[in-house]
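Take a look at the structure below.
Values in this text are rule-based calculations from the coordinates and carry no lab data. What you are looking at is a predicted structure, and each value in this text was computed from that prediction instead of being measured. Cβ sites come from the backbone with ideal geometry, for glycine too, and all protein chains shown count toward neighbours.
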Amino acid sequence: MQLATIIDKVRNNERISREEGVELLQKAALLDLGELASEIRFRKNPEPRVTFVVDTNPNYTNICNIDCIFCAFYRHEGEEGEYTYSVDQMIQNFKRAAANGVTTVLLQGGVNPKIPFEYYVEMVERTAKDVPEVMPHFWSTSEIIGMSNVSGLEVREVLQKLWNAGQRTIPGGGAEILSDKVKRKISSLKGTSADWLNVMREAHKIGFKTTATMMYGHLETDEDIIEHLESVRQLQDETHGFTAFIPWSFKRRYATCR
Amino acid sequence: LNVNFRDPHLIPVWQKIQTGERLSLQDGLTLYNSPDLISLGKMAHFVQQQKSGDAVYFVLNQKIEHTNICVLSCKFCDFAVKKGDANAYEMTTEEILGTLTPEIAEVHITGGMPPDWPWERYVDIVRSIHEKFPHADVKAYTAVEIDFFHKKFRMSIEEVLRQLKDAGLKTMPGGGAEVFSERVRKLLFNQKIGAKGWFEVHKAAHKLGIPTNSTMLYGHVETLEERLIHMIKLREAQDETGGFLTFIPLAFQPGDTGIKPRNQFTSAIDDLKTIAISRLMLDNFPHIKAYWVMLTEEVASVALNFGADDMDGTVGQERIAHDAGAISPMKLAKDQIVKIIRDAGKIPVERDVYYNALNVYTDHVVGKIPFLNSVPFYHHFEKRQFKILPIAPRRMGLLSEKGELDAGLFSLMDYFRQENRLELFNWCIATRDQVKSVMLFSNHGWRDLDGKLIGITDETATSVKLLHVLLEKKYGVKARFERLHAGVNDYSKYDAVLLIGDEALHHNKLGLADYELVFDLAREWYDWQKLPFVFAVWAVKNSLPEGTKKELSEIIELALSQAEGHYADIGEFRGKEIGLSRNEVEEYLAGFNYRLGEREREAMKEFRKLVQEITINV
């Protein structure tokens, strides 16, 4: 497989295969890759413009039963430092943020089985009603699956109720690496790749726009990274519901994953 | 190399770079003002690869800051204190020796300038380290300190340097240059020596055979134009002396200093641009350093694709940068440096103080003789999984002995020595009649060299043996030999000097010191033996898989056949560096035979026989 051939394919807008993706990841020189990526970026978004959003990322609870080994945030119920905020408390928090110019709230928390589904719906409704200046960009896929578990509703029904309450976008966290081999090691209780993709698919069908993330730099291989990109690409072909892809590198400082 | 420029203003600059033409101040500004970071990086990386291949150098070094007491009060420094201050310290020579460990290859000494130390104390530090740790080369005292010694102890700069050199000083750090601008100096560094004083010290060092580093402190109040003028001044000095080893752009660390720059820290973009632009402006500098202590490991790692080929070292105590807020950890272990360099796709090369390669830490390394005459093999060399390490022939032999190279164009003597572990390929560098790049510059004719002292190149064993054979077997005389080191040398004590490679080629054109006679060793051999002379042969490690050997031989053949007939084009860049025109390059390269035929094999056999005879006689 010739690197130059792969680079030409990308330039000609041809889709590259998994094997070709791995080859690029492993062998391409940094600036050849950078140049190519920059070309595609300007092809898709011709303006030399980089967007950002003024947002805030509060967490309504740190109680979680999923125990991901890369996470330094979660606590178990009853453990020192655990907390859960009420809807009122969070709305006050959003109002303060809005007063400071925040336009989006990315709200996430642990998967806390003691919180009833009504809490989540109310959070969305109250935000739409009481703090209309901010967009509710709430809940990772794990929390949505958690809502399905506490309410007995299908994921699709959960999503529809959130939509009806006024939510329009969902953050793309929790994907970690869409490789079940790696997921079993780093987040065995968090569900499979298919679970993440399924929540996203259902959300896109209803009309939600979402992002997609990838956490790399832990136990995954280069092939796992490409498998992840391939899965996200396939779903995008199907639904066109992703707005942005967000790769983030694992921060090993306080976590147990080494 | 293809660059897809987003910024068309860069295209004329790129045309200059590709042909080795020197960039102007205006070109430098065009580069700085361009938003096309990637193209800038690719251009700098192109030049980096011409100079250093895939090598990135580091050294197992340690810093000694013997005292923080200083008579100066520079605004940018929060290291120095006055005598009597609670934080003041002064290390004795014994304390300094106590911090050193045997594996250290370079000791870097700089510190404050206390009011009351006697001259002998500074000399003693250098001498004691040199004596107790003979494998550690001493790099000591910035130009500012040398100037301070000169004034305080009422000795000429030359005398200060000579005494330090006699005590064991090998090289000097490049600090104290700051920015060569009187405007900035008056604003920030009015107690320091300024451009004139700095260059005076460094040029004096170069003339005494002490190579030095150079620096630029940027990211405070200087303009982009002032940065470029700084680089141009260094470039001019390098044209004059050739004594600078490396250039180190130092990003200013605001911290608790008296300087309030517009921004707190330089941006990564500015750091990368400055590295890349210094590589492009400083066309006569061999190395550009990404000083990770100040850049952070992350930016330093990226910089290795933006023109930098030098990672400084393991570094021991680094109080000056740390006190001013550098966020890198104090000690970056060797493993970590090796990892950073590998991640950047480069070869981690452990070096000595003169940038000789001591060890490499990656697989698939192919050695390259860094001379114009090897360009036909390497210009079109399609690397695939291999990485190219430019290295002097003798050093290539040493690395191969340790098993650290897959293949290379070996000096003939190194091939003979390692015949049992190397497999000979069918390519070589052989002369037709003369070669012009293995030259003896002499004050005497051949027969009058009996008993005389000849300075011999440190770079290869083959040319030295050839000289030996010619002296003893052709002319029946014996001379004494002494090794020179690559780069700066004082030739005055030698009756003759043997140079090889581009240095020989350069001096063949311009002459060397006052030597009146110049002999071409290949010509001497040819006139005597009527045979070509084989200087180097391609060989691979025996133990490589057959598939890898086959792949390498295909790559070499393809590279050579693409080069044949285009010598002026492929040699132009390197030729310009040593002052040869396209025609001269073409003529020079056409003088070689790159394929190992019957006559070349016969010449190898004959030379081996003669070498064995003189070895027995010794």
*asked:* Ranking request for peptides B:280-286, A:10-16: highest mean number of other beta-carbon atoms within 10 Å first, then the rest in descending order.
replied: B:280-286, A:10-16
*Estimated 222 nm signal from helices in the protein assembly as shown, with DSSP H stretches of n ≥ 4 weighted -39500 (n - 2.57), rounded to 500*: -13000 deg cm²/dmol
*Kindly flag which residue pairs out of A:Lys9/B:Lys42; A:Lys9/A:Lys190; B:Lys273/B:Lys402; A:Lys44/B:Lys16; B:Lys233/B:Lys383; B:Lys170/B:Lys541 have an alpha-carbon separation exceeding 26 Å in this structure.*
A:Lys9/A:Lys190; B:Lys273/B:Lys402; A:Lys44/B:Lys16; B:Lys233/B:Lys383; B:Lys170/B:Lys541
*Share of antiparallel DSSP beta bridges in the protein assembly as shown, in percent to the nearest 5?*
35 percent
*Once the Cβ-Cβ distance between B:Lys339 and B:Glu120 is put in as r, and R0 is 45 Å, what FRET efficiency do you end up with, to the nearest 0.05?*
0.55
*Distance between the stretch B:1-39 and the stretch B:406-448 - C-alpha centres, whole angstrom*: 39 Å
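So if each residue of separation counts as 0.36 nm, and I subtract the Cα-Cα distance between A:Thr221 and A:Ser151, what length gain in nm does that give?
On the way: separation 70, 0.36 × 70 = 25.20 nm, distance 3.70 nm.
Value of the extension gain: 21.5 nm.
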*For A:Leu107, residues with placed amide H under 5 Å, excluding near neighbours*: A:His137, A:Phe138, A:Trp139
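Order of B:Ile391, B:Ile275, A:Ile6 from fewest to most other C-beta atoms within 10 Å? Present the calculation step by step, with values, prior to reporting the outcome.
Working: B:Ile391 26, B:Ile275 32, A:Ile6 21.
Ascending number of Cβ neighbours within 10 Å: A:Ile6, B:Ile391, B:Ile275.
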*Under 5 Å between amide H atoms, partner at least 5 residues away or on a different chain: which partners does B:Gly408 have, H built in plane at 1.01 Å?*
B:Gly367, B:Ala539
*Which length gain, in nm to one decimal place, applies between A:Gln234 and A:Tyr83 when the Cα-Cα distance is subtracted from 0.36 nm times their residue separation?*
50.5 nm
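Kindly put B:Val81, B:Val366 in sequence by how many other C-beta atoms sit within 10 Å of each C-beta, fewest to most.
Arranged by neighbour count, lowest to highest, B:Val81, B:Val366 become B:Val81, B:Val366.
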_At R0 = 51 Å, FRET efficiency that the Cβ-Cβ distance of A:Gln92 and A:Lys27 yields, to 0.05_ = 0.45
*Using a basic spin-label model with each label point 7 Å from the Cα along Cα→Cβ, how many nm lie between A:Lys251 and B:Arg432?*
6.7 nm
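Please compute the net charge surrounding A:Phe208, taking Lys and Arg as +1 and Asp and Glu as -1 over other residues with Cβ under 15 Å from its Cβ. Spell out each step's value before the answer.
Working: positive: A:Arg156, A:Lys161, A:Arg168, A:Arg201, A:Lys205, A:Lys209; negative: A:Glu143, A:Glu157, A:Glu202, A:Glu238.
Once all neighbours under 15 Å are counted, the net charge is +2.
When you look at the Cβ of every residue in A:27-38, what mean number of other chain Cβ atoms sits within 10 Å? Let's see the in-between values first.
Values: counts 3, 1, 7, 12, 14, 6, 1, 7, 10, 2, 1, 6.
That works out to 6 on average.
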*Amide H contacts of A:Glu176 (H built 1.01 Å from N, under 5 Å, at least 5 apart or other chain)*: A:Met215
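Give me a single rounded figure for B:517-525: the average over its residues of other chain Cβ atoms within 10 Å of their Cβ. Provide the component values of the computation, followed by the final result.
Working: counts 0, 0, 0, 0, 0, 0, 0, 0, 0.
If you average over the peptide's residues, the count of other-chain Cβ atoms is 0.
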*the stretch B:182-196-the stretch A:29-55 distance, computed between alpha-carbon centres (Å)*: 42 Å
*Please give the peptides B:524-531, B:400-407 ranked by average Cβ packing (other Cβ atoms within 10 Å per residue), highest first, as a rough proxy for protection.*
B:400-407, B:524-531
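For chain B, what proportion of DSSP beta bridges, expressed in % and rounded to the nearest 5, is antiparallel? Write out the running numbers ahead of the final one.
Working: 27 of 67 bridges.
Given both bridge residues lie in chain B, the antiparallel proportion sits at roughly 40 percent.
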*Kindly identify the stretch B:503-549 as rounded, prolate or oblate by the Cα gyration tensor criterion: order the square roots of the eigenvalues as a ≥ b ≥ c, call it rounded if a/c is under 1.5, otherwise compare a/b with b/c, prolate if a/b is larger, else oblate.*
oblate
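Do you know the relative contact order of chain B, to the nearest whole percent, from alpha carbon pairs under 8 angstrom that are 6+ apart? Mind showing how you got there, number by number?
On the way: 1219 pairs, mean separation 87.5, N = 618.
Averaging sequence separation for qualifying contacts and normalising by length gives 14 percent for chain B.
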*Using the Karplus curve 6.51 cos²θ - 1.76 cosθ + 1.60 with θ = phi - 60°, work out ³J(HN,Hα) for each residue of the stretch A:53-62 in order, rounded to whole Hz, and write x for Gly and Pro.*
10, 8, 9, 9, 10, x, 10, 7, 8, 10
*Taking every residue in B:591-603, how many Cβ atoms of other protein chains lie within 10 Å of its Cβ, on average?*
0
_Under the Karplus curve 6.51 cos²θ - 1.76 cosθ + 1.60, θ = phi - 60°, whole-Hz ³J(HN,Hα) for the stretch A:170-186, x wherever Gly or Pro sits_ = 9, x, x, x, x, 6, 6, 10, 7, 9, 5, 4, 6, 4, 4, 7, 9
*How far is it, in nm, from the label point at A:Gln2 to the one at B:Ser73 when both lie 7 Å from their Cα along the line to the Cβ?*
6.8 nm
*Arrange the following residues from fewest to most other Cβ atoms within 10 Å of their Cβ: B:Met413, B:Met439, B:Met311.*
B:Met413, B:Met439, B:Met311
*Mind listing the phi-derived Karplus ³J(HN,Hα) values for the stretch B:289-303, rounded to whole Hz, using 6.51, -1.76 and 1.60 with θ = phi - 60°, and x for any glycine or proline?*
9, 9, 7, 4, 4, 9, 7, 6, 4, 5, 5, 4, 5, 5, 4
*Suppose R0 equals 45 Å; then what is the FRET efficiency for B:Glu423 and B:Tyr491 from their Cβ-Cβ distance, rounded to the nearest 0.05?*
0.70
*Evaluate the distance, in nm, between pseudo-label points positioned 7 Å from the Cα of A:His76 and of A:Lys114 along their respective Cα→Cβ axes.*
1.4 nm
*Per-selection metrics, chain B (Cα): Rg and Dmax in Å*: 24.9, 78
